[in-house]
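The values are calculated or read from the model by the stated rules, or taken from the named source; none is laboratory data. From a predicted model like this one, the values you see are computed outputs, not experimental measurements. All Cβ positions, even for glycine, are placed from backbone atoms using ideal geometry, and neighbour counts span all protein chains on display. Just the protein is used for accessible areas: all its heavy atoms, side chains included, with ligands, DNA and RNA removed. Shrake-Rupley method; radii C 1.70, N 1.55, O 1.52, S 1.80 Å.
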Amino acid sequence: MIRLILLTDFTEAFAHYLLKGILAYSQGRILWVVCRMPPSYKHTHGIRGVLEWAHKWEADAIIGQFDTTDEVELFANSGIVALAQDYKKRWECIPNITGAYHLTGKMAATYFLQKGFRHFAFYGYKDVVWSQERCDGFRAEIGRHGYAENFYEYQHQQLDNLWFYEAGPLCEWLRSLPHPVALMACDDNQASRITEACTLCGLHIPEDIAVLGVDNDELTCTLSDPTLSSVDMNIERGGYEAAELIEQLLHTPGLPYQDVVIQPTGIVSRQSTNTYSTTDPYILKALQYIHQHIDRPFVVNDIVEQVPLSRRLLETRFRKETRKSVYQYILHLRIERFTQLLLRSDDPIAEIALQTGFQDVRNMARPFRAVKGCTPLEYRRKHQYRKS
């Protein structure tokens with residue numbers, strides 16, 4: 001039996017999906033027992049109080065949100081395997097459950113650039129590694145496309161005050177931004193906060209501010225008004241790999257290890273980004289047609305029929321707005337939809353290809369490899385947690 005303490009905030013979807021991955025790993029193996037300890041216990045009793053309880057419960061391992069002042073090495077000294085869920089920083093003395101944060105920011109920037117935005121903003125926490133690195137990745141990709149001067153950020157709130165924010169200064173900043181603007185929040189909670197603030201200060205989403213969160217917390221995203229688009233993270237696989245690492249370290253203490261790195265898998269679009277930043281009415285109509293019909297087979301000539309432009313003129317104006325040809329834009333969007341379904345379901349790859357507008361697997365395998373660097377089957381095996 002492996003006894004694990006999960007010291008984290010279970011009001012957020014991250015902990016829920018992490019636990020699902022841990023339980024998936026335990027299936028068909030030795031029994032795992034999980035104690036879900038709220039962060040308030042550590043705040044009340046301190047890290048030594050957590051350690052004392054862990055000894056009484058005979059814990060083998062702990063995954064926790066640790067503060068920078070916590071003496072996490074006490075667990076290793078007591079024979080308890082400890083993993084840190086990224087809270088404010090990464091640790092050097094114990095493994096981290098962290099994320100590809102720069103890549104997440106880059107993915108968000110690419111998403112907004114494809115929608116024609118020219119002004120960008122980031123809203124996050126102060127002195128928090130995952131917020132800052134998401135911001136850095138977002139800003140770097142925007143700068144790479146020539147919009148470095150059109151970037152704005154607001155990272156003043158401390159993570160300790162998770163549920164509190166001052167609406168006045170935030171509204172003032174939001175009003176000061178050039179509109180329309182594409183805003184990435186460091187997570188879904190902060191993105192939801194932006195929707196609240198916009199309501200208070202009379203700004204419209206997505207017309208004035210298009211808002212994108214991270215983690216795809218479905219409860220937070222669907223309760224927000226409007227509903228929130230979000231970067232989906234492969235958290236369940238992270239939980240699976242964390243459990244696998246714990247078992248390895250229990251069997252071989254002192255074994256060299258690497259951090260568990262959770263990858264972004266794609267963007268789930270909802271109402272908060274349902275817009276395209278273009279003043280060209282014909283390109284706007286073309287984009288709307290593409291997104292409304294992306295799951296059905298169609299060709300560029302079908303789009304030409306929707307606007308009073310020749311194909312050559314449509315291509316010229318479309319590339320000016322999106323930096324892609326019409327075909328490239330459609331292909332990239334279909335691949336992203338295909339990728340999301342590839343990881344979210346166990347349907348055959350050929351069936352998923354048909355569901356996302358591809359005629360068959362053969363006409364999408366090559367472009368998929370060009371974008372993702374591997375075949376669809378290899379991608380699924382790499383990013384889905386393994387099942388017993």
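Annotations for the structure displayed:
- Flag if Thr195 is of a type in the set (Val, Ile, Thr), within 16 Å of the chain's Cα centre (by Cα) and crowded, with 18+ Cβ neighbours inside 10 Å: no
- Number of positions in the range 274-290 that are touching a residue at least 40 places away in the same chain (Cβ under 8 Å) and among the hydroxyl-bearing types (Ser, Thr, Tyr): 4
- Within the range 295-324, considering residues that are over 22 Å from Pro180 (Cβ atoms) and among the hydrophobic types (A, V, I, L, M, F, W, C), the one surrounded by the most Cβ atoms within 10 Å (Cβ to Cβ): Ile303
- Residue match in the range 62-77 (condition: free of Cβ contacts under 8 Å to residues at least 12 places away in the same chain, loosely packed, with under 14 Cβ neighbours inside 10 Å and not in a strand (DSSP E or B)): yes
- All of Leu170, Leu183, Leu200, Leu174 fail the test of being within 28 Å of Ala13 (Cβ to Cβ) and open to solvent by 10 Å² or more (accessible area, probe 1.4 Å), apart from Leu200.
- Any chance Ala140 is modelled with pLDDT of 95 or more, under 21 Å from Ile267 (Cα atoms) and open to solvent by less than 50 Å² (accessible area, probe 1.4 Å): no
- Taking the range 139-190 as the range and being in contact with a Phe, Trp or Tyr (Cβ under 8 Å, 6 or more places away or on another chain) and among the aliphatic types (A, V, I, L, M) as the test, the residues that pass are Ile142, Leu159, Leu170, Leu177, Val181, Ala182, Leu183, Met184, Ala185.
- Scanning the range 116-137 for residues that are crowded, with 21+ Cβ neighbours inside 10 Å and over 22 Å from Asn189 (Cα atoms) turns up Gly116, Phe117.
- The residue pairs whose first member lies in the range 252-270 and is outside any strand (DSSP E or B), whose second member is modelled with pLDDT under 90, and whose beta carbons are closer than 7 Å, counting only pairs six or more residues apart or on different chains, are Gln263/His383.
- Cys93, sole failed condition from (1) in a loop (DSSP other than H, G, I, E, B); (2) among the hydrophobic types (A, V, I, L, M, F, W, C); (3) touching a residue at least 24 places away in the same chain (Cβ under 8 Å): (3)
- Meets criteria (within 16 Å of Ile80 (Cβ to Cβ) and either touching a residue at least 60 places away in the same chain (Cβ under 8 Å) or surrounded by fewer than 20 Cβ atoms within 10 Å (Cβ to Cβ) (or both)) for His16: no
- Verdict on Tyr282 being open to solvent by 80 Å² or more (accessible area, probe 1.4 Å) and either part of a loop (DSSP other than H, G, I, E, B) or touching a helix residue (DSSP H, G or I) at 6+ places or on another chain (Cβ under 8 Å) (or both): yes
- Assessment of the range 187-194 against the conditions (under 21 Å from Lys106 (Cβ atoms) and in contact with a helix residue (DSSP H, G or I) (Cβ under 7 Å, 6 or more places away or on another chain)) yields at least one matching residue.
- Matching residues in the range 219-236 - criterion: being touching a Ser or Thr at 6+ places or on another chain (Cβ under 9 Å) and part of a helix (DSSP H, G or I): Thr220, Cys221, Leu223
- Failed condition for Thr339, given (1) farther than 20 Å from Ala24 by Cα; (2) open to solvent by less than 50 Å² (accessible area, probe 1.4 Å); (3) in contact with a Leu (Cβ under 8 Å, 6 or more places away or on another chain): (3)
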